[in-house]
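Chemist: Structure incoming, see below.
The values are calculated or read from the model by the stated rules, or taken from the named source; none is laboratory data. Remember, it's a predicted structure, so these values are computed and weren't measured experimentally. Every residue, glycine as well, gets a Cβ built from its backbone with ideal geometry; the counts of neighbours run over all protein chains shown.
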Amino acid sequence: MTTLLVKNIHTLATMDDQRRELKNAAIFARDGVIEQVGTAADLPDTADEVLDLKGRHVVMPGLVNTHHHFYQTLTRVIPGAQHHELFDWLRALYPIWANMGSEHVYISAQIAAAELMLFGCTTASDHLYIYPNDCKLDDEIRGVQQVGLRFHASRGSMSVGESKGGLPPDRVTEDENFILKDSQRLIEQYHDNSRYSMLRITLAPCSPFSVSQDLMRESAKLARNYPGVRLHTHLAETKPDVEYSLANFGLKPGDYAEDVGWVGEDVWHAHCVYLTDDAIDKFARTGTGVAHCPCSNMRIASGFMPLRKMLNAGVRVGIGVDGSASNDTNNLLNEARLALLLARVGHDDPKVLTAREALELGTLGGAKVLGRDDIGAIAPGKAADFIAFNVDRLTYAGAHHDLVAAIIFCNSDPVDYSFINGRRVVDQGRITTVDLPPLIEKHNKLAMQLVDGK
């Protein structure tokens, strides 16, 4: 058994049931689980590993990312996709992604995980829905496990290509029987539903415009045969997305989700920019979750998600980075900041969302969306997932009146320390689990080859 003590914490934002914010605080953990949280005087003064946070640091729970596409780090800022709405953006990128192989998936997963961790993310769900050539979800799982991120791996899929009225080219779609068979294989090989699990599997047919209703229904049946396997997809992201559902199914997105069995506490949908009021009420009533991706929604001009309306209705909402080809960063802290700012401008109201509510969306909100009660807060019985920022730096100068709010309002800097499951994965601003320079070099080479079609 190993113990960890983090002491002399200037400000600790616990996000516990009382939302306590403690001064001169400490955290004591054993075998990756928090045992005690309180003032330094009330906790042990020694452990197997001790981190003394001298100076001024703000410590908070690790951030939880509820929607992403890791492979898209390979196609950031592609010139032919910088100025398109969703459907044209996808049409520009599908032919490039069709060139991917297993190494692309593996290396891009490491890059995305490392960048997320450096900016405070300790748990992430990724949606890999395209499997050309020899690509497998196993490649992504292997890459993320080596970097050390707590991971929810989504077996995405596309089965309805252009010849059947869908959006993707036929060559990047898969047979639905194979999709279901491979989904079952992945669940039985990798899914760990235990408390503090580092790896869980999600079933995630990509979108209404790329899969059949039968695949949605059969995926839901399959997932619900296994404890803790959740369901995830894109929904109501853009106006053309909504128009596709009406034209092809005669259903608005919220009704489509209900029709295929995709509402409930084991389901969350990405974007949901154009959910009707009835759908919002349906989601709240059934416990269906939403991943809010503000930067992506702005980048490709999808629209404004009614965040405050969803929160007031009781919908479970978390934050998602979304793919690095529609965001171009892997910075979840910045995503929480953008959620705050976009909510205010969208509602013409500076009081519509507070910094602490934005922080809650990125921690506890994400944990609830992923169906976890073992992360998202710093409290006894929770996983030892937490991050620390040294606020004695330029970007926080003059912001010491409210240091917790400063982490959201001010520049979204990298963390100084990060612990996942009690393991120090970022130490003094440097990731400890992977050698970044050669990884970046390899990633850049693969990205260039991918775009060049080699």
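Chemist: If you scan segment 227-248, which residues turn out to be touching a strand residue (DSSP E or B) at 6+ places or on another chain (Cβ under 8 Å) and farther than 14 Å from residue 275 by Cβ?
Modeler: Listed by number, the residues that qualify are 228, 229, 230, 231, 232.
Chemist: Does residue 101 satisfy the criteria of being in contact with a Phe, Trp or Tyr (Cβ under 8 Å, 6 or more places away or on another chain) and of a type in the set (Gly, Ala, Ser)?
Modeler: Against the criterion (in contact with a Phe, Trp or Tyr (Cβ under 8 Å, 6 or more places away or on another chain) and of a type in the set (Gly, Ala, Ser)), residue 101 does not qualify.
Chemist: Could you check segment 55-77 and list, in sequence order, the residues that are at pLDDT below 95 and on the phi < 0 side of the Ramachandran plot?
Modeler: 56
Chemist: Related question: Could you tell me how many of the residues in segment 27-50 are free of Cβ contacts under 8 Å to residues at least 24 places away in the same chain and more than 27 Å from residue 150 (Cα to Cα)?
Modeler: Total meeting the criteria: 3.
Chemist: Now for a separate question. Collect the residues in segment 207-232 that are among the polar types (S, T, N, Q), assigned to a helix (DSSP H, G or I) and crowded, with 20+ Cβ neighbours inside 10 Å, keeping them in residue-number order.
Modeler: Answer for segment 207-232, where residues must be among the polar types (S, T, N, Q), assigned to a helix (DSSP H, G or I) and crowded, with 20+ Cβ neighbours inside 10 Å: just 219.
Chemist: Looking at this structure, is residue 156 at pLDDT 95 or above and either surrounded by 24 or more Cβ atoms within 10 Å (Cβ to Cβ) or over 23 Å from residue 270 (Cα atoms) (or both)?
Modeler: Yes; evaluated as a whole, the condition is true for this residue.
Chemist: Hey, another quick one. For segment 291-316, how many residues are closer than 15 Å to residue 68 by Cα and surrounded by 23 or more Cβ atoms within 10 Å (Cβ to Cβ)?
Modeler: Of the residues in that region, 6 qualify.
Chemist: Same structure again: Hey, any hits in segment 107-128 for a residue that's farther than 21 Å from residue 150 by Cα and in contact with a Pro (Cβ under 8 Å, 6 or more places away or on another chain)?
Modeler: no
Chemist: Among the residues of segment 171-194, write down those that are surrounded by fewer than 14 Cβ atoms within 10 Å (Cβ to Cβ) and either within 15 Å of residue 160 (Cβ to Cβ) or in contact (Cβ under 8 Å) with a residue 60 or more places away in the chain (or both).
Modeler: 171, 175, 177, 178
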